[in-house]
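The values are calculated or read from the model by the stated rules, or taken from the named source; none is laboratory data. All figures in this text were calculated on a predicted structure; none of them were measured in a lab. All Cβ positions, even for glycine, are placed from backbone atoms using ideal geometry, and neighbour counts span all protein chains on display. Surface areas here come from the heavy atoms of the whole protein model, side chains and all, with no ligands, DNA or RNA. Shrake-Rupley method; radii C 1.70, N 1.55, O 1.52, S 1.80 Å.
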Amino acid sequence: MADSKADAEADAVRAWYTSLLDQVVKEMIRVKAVEGAAVQASPVWMLPNRMLMAKVWAVTKESDFVWTLSVDKLIADFVAGSLAATPREAAKHFALKWQMDADRLVNFGKSEASGKEDEQRMKEFSTKLVEHAELLYDLTSRDEAWEEPELE
């Protein structure tokens, strides 16, 4: 019984990240982050049902990949693979990038070109971005969070 429950949970996690990887590949092709006749993706780190980091590459250019990070079933961000050697380093990069993006959003929201409604929306999104950045950065300091995943 315990094995069947564990198998069911593993199957649910696999279904979650497989579905999300499909979305990630489509988005990376759409934004032209990866170009080629065939594109592949591989999960490299995750917090099941919350956060997924993957590598995405054109089949003919595996060394020219992008790191992607998806949060809460959304494709959150991507960066060139050359910016980080490991998923942990990529996570640190995303955390810093999101902090800087949050600052830019708040400043944009305060600009004369935006109204009060835009300013409030930017502030709310910025707050959420900072929360994700802080969570991610905190995770980079925890060795147990970066042990080899058992992905099949």
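For the listed residue pairs LYS26/LYS55; LYS61/LYS92; LYS55/LYS123, the alpha carbons are over 23 angstrom apart in LYS61/LYS92; LYS55/LYS123. Accessible surface of the chain, 1.4 Å probe: 52 percent of it comes from carbon and sulfur atoms.
Under the definition of Cα pairs under 8 Å and six or more residues apart, what whole-number percent is the relative contact order of the chain? Result for the chain is 16 percent. Compared with the rule-of-thumb size 2.2 N^0.38 Å for a compact globular protein, the range 1-99 has a Cα radius of gyration ratio of 1.13. Taking the inverse of the mean reciprocal distance over all distinct Cα pairs, the Kirkwood hydrodynamic radius of the range 40-92 comes to 11.1 Å. Each Lys and Arg adds +1 at its Cβ and each Asp and Glu adds -1 at its Cβ; summed about the Cα centre, the chain shows a dipole of about 560 debye.
Under a Gaussian network description of the chain, with springs only between Cα atoms under 10 Å, the residue in GLU134, GLU117, GLU35 that fluctuates furthest is GLU117. Across the range 17-81, Cα pairs under 8 Å and at least six residues apart give a relative contact order of 27 percent.
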